[in-house]
Each structure stands twice: as C-alpha cells, then as structure tokens.
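The values are calculated or read from the model by the stated rules, or taken from the named source; none is laboratory data. Just so you know, these numbers come straight off a predicted model, no measurement behind them. Cβ atoms come from the backbone with ideal geometry, glycine included; neighbour counts cover every protein chain shown. Just the protein is used for accessible areas: all its heavy atoms, side chains included, with ligands, DNA and RNA removed. Shrake-Rupley method; radii C 1.70, N 1.55, O 1.52, S 1.80 Å.
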Amino acid sequence: MTEGRVYAVLTGDLVRSRAIKDAYGEECIHRLKDTLAEIGRNYTVPFSIYRGDSFQGVSSDPGEALADAVLLRLKFISGLDHGSSALRLDARIAIGIGTVQYLPKGGSAGEGDGEAFRRSGLELDLMKEAGRGITVKTPWGDVNATLSIFCGVLDRTIDGYTKKQAEAVMLTLEGLTQKEIGERVGTSQSAVSYRLKGTGYDLVQKILEWYRLQISSRI
C-alpha cells in the first residue's frame, strides 16, 4: 500500500543527446546506465531508461532526492567531458514530491501513477523551455517558491564547473575529505583544495541541507 506515503519521482533526459551520442557512442549509454544504477540502487523503483535518452526512478526517501539529482549531474559531467561545455554529458532532472497511487512491481517507473509522477513529468516539460537543469515541485507552495530560487543557484553553479571541479564537489558531497579525494583521483590535497576553490560547494551543501530539513518537517 502506498496511500498517504510521500515519494520522490525523478524524471530526466540527457541534454543535447544527439550530439553527445555522436561524440561518445556506446560509452555514453554505458555511463548513463552505470550512474543511474549507482544512485538508484536503493530506490523503491530503480531508474529505467526510455526513448534512449530519458530516465525515471522512484525513491521512498524524498529528503535525499535533491542531493541525488545534484550527484547525478556531477557524475555525468565528471565522467565524460571533451573539454567543451557543448559536448559534455549532462542532464535535466525534474523531481516530483507527493503521494503515489500505483507503483509498478518488476516493471519500469514509467508505469506508475500519482501526484509525484504527475508533478515530475510536468516539470520536466516546463524546464526544457526554461533552460533549467534541476527543478523540484512539492505539495507545499512556500517550499516551492524558495526551491525555485535555490534550484536556479544550483544550475548556475553546476553549469560553471569543469570536469575536475565537478568530480571534486561530487566526492565532497559523498563525504570524502580533501585528503581522501586526492588519494582517490591521484593528486595532492592542495590540488583538491585548489579545484574546490570558487566552486561554491559549501553553498550547495547548505541548499541540500535546507531542503532535507524542509521535507523532514512536513512528512
């Protein structure tokens, strides 16, 4: 039974997918599948890919949905990048928060239905026109108003990252210290510190924590 329980539905698609596929070929699809499997490994309905470049998954932990969306984008950017912002792997991700009337069992998330599904799908359509990278729609108007601003901040921040900066911020959000990040990527702690400088990662962390508190206080 899902009645009354709040879920997060994450729906997304690759940005400039045709050019990306031409540039990366099968490597693009492998990266997409691996990243979605990693982020959605504990999801109620794991991510499934449809139309070749779109994806959807359902999480029973809506308080982590925004962090998941940020990590997805950072993992895409840091995993594949030809050095051109027009060719790097990236995605639009729309998060719908709400109840769910039907969750598919053993099928794809696209077969589900409910408030969270409808919010996520509608927001993805709208954000394509607005040029947004991450958006969240909840049942609460005051939260949505602030989220609209914060998601704009996240977009502008992430859009400005290089591949190495995206990787450093990603690993920081995953809880690694600068020393541990250096060991992971094969560089010095001072080099990691330099990469993080100017990324605004501390602001990203504060937005994610604000979001967690807003969700946890309402469900």
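Which value, in Å² rounded to 10, gives the accessible area of Glu180 with a 1.4 Å probe and all protein chains present?
Roll a 1.4 Å probe over it and Glu180 shows about 80 Å².
From the square roots a ≥ b ≥ c of the eigenvalues of the alpha-carbon gyration tensor of the stretch 41-83, which class results: rounded (a/c under 1.5), prolate (a/b over b/c), or oblate?
Numbers: a/c = 2.99, a/b = 1.40, b/c = 2.13.
Since a/c reaches 1.5 but b/c is at least a/b, the shape of the stretch 41-83 is classed as oblate.
Which of Leu74, Leu176, Leu208 moves most in a GNM of the chain, Cα contacts under 10 Å?
Looking only at Leu74, Leu176, Leu208, the biggest GNM fluctuation is shown by Leu176.
Quote to one decimal, in nm, the extra length available between Asp22 and Val153 on full extension: 0.36 nm per residue of separation minus the C-alpha distance between them.
Once the chain is fully extended between Asp22 and Val153, it gains 44.1 nm.
With the crude spin-label approximation of a point 7 Å out along Cα→Cβ, what separation in nm comes out for Thr162 versus Ser60?
Placing both labels 7 Å beyond Cα along the Cβ direction yields 4.3 nm.
Heavy-atom accessible area of Met170 with all protein chains present, probe 1.4 Å, nearest 10 Å²?
For Met170, the solvent-accessible surface is approximately 20 Å².
May I ask which residue of Thr44, Asn144, Cys28 lies farthest towards the positive end of the charge dipole of the stretch 1-145, with charges of +1 (Lys, Arg) and -1 (Asp, Glu) on Cβ and the Cα centre as origin?
Working it through, the farthest residue towards the positive pole turns out to be Cys28.
Between Glu209 and Gln101, what's the calculated FRET efficiency when r is the beta-carbon distance and R0 is 30 Å? Round to 0.05. Don't skip to the answer; put the middle values down first.
Numbers: r = 31 Å, r/R0 = 1.03.
The formula returns an efficiency of 0.45 here.
Setting aside same-chain residues fewer than 8 positions from Lys33, which aspartates and glutamates have a Cα under 12 Å from its Cα?
Asp53
Near the amide H of Asp90, under 5 Å away, which other amide H atoms are found, from residues 5 or more places off or on another chain, if H is placed in the peptide plane?
It is Val15, by chain and number.
When all protein chains stay in place, what accessible area (Å², nearest 10, 1.4 Å probe) is found for Thr187?
Thr187 has an accessible surface of roughly 50 Å² with all protein chains in place.
With the crude spin-label approximation of a point 7 Å out along Cα→Cβ, what separation in nm comes out for Thr177 versus Leu126?
Computed distance between label sites Thr177 and Leu126 equals 4.4 nm.
Calculate for the chain the 222 nm mean residue ellipticity that helices alone would give, adding -39,500 (n - 2.57) per DSSP H run of length 4 or more and normalising by residue count, nearest 500 deg cm²/dmol.
Details: 9 runs with 115 residues, N = 219.
Taking each H run of at least 4 residues, the total per residue is -16500 deg cm²/dmol.
Would you work out if the stretch 120-219 is rounded, prolate or oblate? Take a ≥ b ≥ c from the square roots of the eigenvalues of the alpha-carbon gyration tensor; rounded if a/c is under 1.5, else prolate when a/b is larger than b/c, oblate otherwise. All intermediate terms of the calculation are to be shown ahead of the outcome.
Numbers: a/c = 2.89, a/b = 1.84, b/c = 1.57.
Prolate, because a/c is 1.5 or more and a/b exceeds b/c.
Where Rh is the Kirkwood radius over the Cα pairs of the chain, the temperature 25 °C and the viscosity 0.890 mPa s, what D in µm²/s does Stokes-Einstein return?
Numbers: Rh = 17.6 Å.
Estimated diffusion coefficient is 139 µm²/s.
Round to a whole number: what % of the accessible area of the chain belongs to carbon and sulfur, probe 1.4 Å? Working shown, then result.
Details: 5050 of 10480 Å².
Carbon-and-sulfur percentage of accessible area, whole number: 48.
Once R0 is set to 30 Å, what does the formula 1/(1 + (r/R0)^6) return for the Cβ-Cβ distance between Leu87 and Asp113, expressed as a FRET efficiency to the nearest 0.05? Present the calculation step by step, with values, prior to reporting the outcome.
Values: r = 36 Å, r/R0 = 1.21.
For R0 = 30 Å, the calculated efficiency reads 0.25.
With the crude spin-label approximation of a point 7 Å out along Cα→Cβ, what separation in nm comes out for Arg51 versus Ser190?
Spacing of the two 7 Å Cα→Cβ label points: 5.0 nm.
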